[in-house]
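The values are calculated or read from the model by the stated rules, or taken from the named source; none is laboratory data. As the structure is a computational prediction, the values presented were derived from the model and not from experiment. No Cβ is skipped: glycine too gets one built from the backbone with ideal geometry, and neighbour counts run over all protein chains shown. In case anyone asks, the SASA skips ligands and DNA or RNA and just uses the protein heavy atoms, side chains included. Shrake-Rupley method; radii C 1.70, N 1.55, O 1.52, S 1.80 Å.
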Amino acid sequence: MSYLEALILGLVQGLTEFLPISSSAHLRIVGEFLPNATDPGATFTAITQLGTELAVLIFFRKQIGRILSKWFRSFGARGGSHSAGILKGDADVRLGWLIILGTIPIVIVGYFGQEYIRGAFRSLWLVAIVLIVFGILLGVADWLGRRTRHLEDLGYGHGIAIGFAQMLALIPGVSRSGASTSAGLALGYTRTAAAEFSFLLAVPAVFGSGLYELVTALREPDESPYGWPETILATVVAFGVGLAIIAFLMRYIKTRSFLPFVIYRLVLGVALLVLLSLGVIQAY
């Protein structure tokens, strides 16, 4: 039965990681309705996210390769040379720095806030509330955003601001892609540009978190009800499903809005509040 549960959770992770509906919230909620009826845990969640981030690396491999190549070359270019001048103002070099700088907030808060991340932040009452609140914020940003700026227009101020938005995703229910995409939309970027930067920005943060949890789990007993075989199965499933979902979402947002995801978040949040109020499920 534990393998079936892991398969389901891997499927949920892959389906929800890139949609602005919070994968960590869905793993937390779905876990309550599986036979174990328990929270899969922050460690299980972080490790399975390695699978979906690998999907990001593959889907955006050409762009990531170009960013890395130009970013490293910018250090080798001589200060007064023509190539140095080109690289200094290159959008890919700037994007590389923005991914690094935008990752700093979530790394700092994630490291020092472990007690809350593993405890208070996983309350289903809090999950329900932030599903609703950040769903509304996504809807407002999508509706009022000018959508005139593109990824090459992204500057340091906006990049760091989106990084702070990503930091809020440490609370299950906020959604990493939802928070950073909402910030991008609010700052006037197109849906495609906001989502693309959101995915690229998440790579170092999620891999860092997943590897940290992986090392921690190897050194210390883990609170997760799932062992290594189940966790690996869920991660592999999350990778395959996540790759398909990225392709779907990037096509979808070229012509359509985030409204269906906003409605879904509101319905799920309200339903969760009702279930908690009736005592059908427990907050922890």
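Among the conditions (1) under 21 Å from ALA55 (Cβ atoms); (2) without any contact (Cβ under 8 Å) to a residue 60 or more places away in the chain; (3) over 19 Å from the mean Cα position of the chain (by Cα), SER277 misses just one, which is (1).
Of all residues in the range 184-198, those satisfying the criterion of being of a type in the set (A, V, I, L, M, F, W, C) and surrounded by fewer than 24 Cβ atoms within 10 Å (Cβ to Cβ) are ALA186, LEU187, ALA193. Residue count for the range 199-237 satisfying the condition of being open to solvent by 30 Å² or more (accessible area, probe 1.4 Å), touching a helix residue (DSSP H, G or I) at 6+ places or on another chain (Cβ under 6 Å) and small (Gly, Ala, Ser): 1.
Scoring LEU11 on the criteria (1) farther than 21 Å from GLY178 by Cβ; (2) modelled with pLDDT of 95 or more; (3) of a type in the set (A, V, I, L, M) leaves a single failure, condition (1).
Report yes if ARG191 is modelled with pLDDT of 95 or more, under 21 Å from ILE253 (Cα atoms) and in contact with a strand residue (DSSP E or B) (Cβ under 7 Å, 6 or more places away or on another chain), otherwise no.
Details: modelled with pLDDT of 95 or more: yes; under 21 Å from ILE253 (Cα atoms): yes; in contact with a strand residue (DSSP E or B) (Cβ under 7 Å, 6 or more places away or on another chain): no.
It is false that ARG191 is modelled with pLDDT of 95 or more, under 21 Å from ILE253 (Cα atoms) and in contact with a strand residue (DSSP E or B) (Cβ under 7 Å, 6 or more places away or on another chain).
Screening the candidates GLY240, GLY173 for the property of being open to solvent by less than 10 Å² (accessible area, probe 1.4 Å) and modelled with pLDDT of 95 or more yields one hit, GLY173. Residues that are free of Cβ contacts under 8 Å to residues at least 40 places away in the same chain, among the charged types (D, E, K, R) and more than 18 Å from GLY51 (Cα to Cα) are absent from the range 223-242 altogether. Of the numbered criteria (1) open to solvent by 40 Å² or more (accessible area, probe 1.4 Å); (2) of a type in the set (A, V, I, L, M, F, W, C); (3) in contact with a helix residue (DSSP H, G or I) (Cβ under 7 Å, 6 or more places away or on another chain), the one ALA179 fails is (1). Checked across the range 148-166, the condition of being open to solvent by 50 Å² or more (accessible area, probe 1.4 Å), modelled with pLDDT under 95 and in contact with a helix residue (DSSP H, G or I) (Cβ under 6 Å, 6 or more places away or on another chain) holds for at least one residue.
Within the range 245-262, being farther than 25 Å from THR43 by Cβ and in contact (Cβ under 8 Å) with a residue 12 or more places away in the chain holds for ALA247, LEU249, MET250, ILE253, LYS254, SER257, PHE258, LEU259, PHE261, VAL262.
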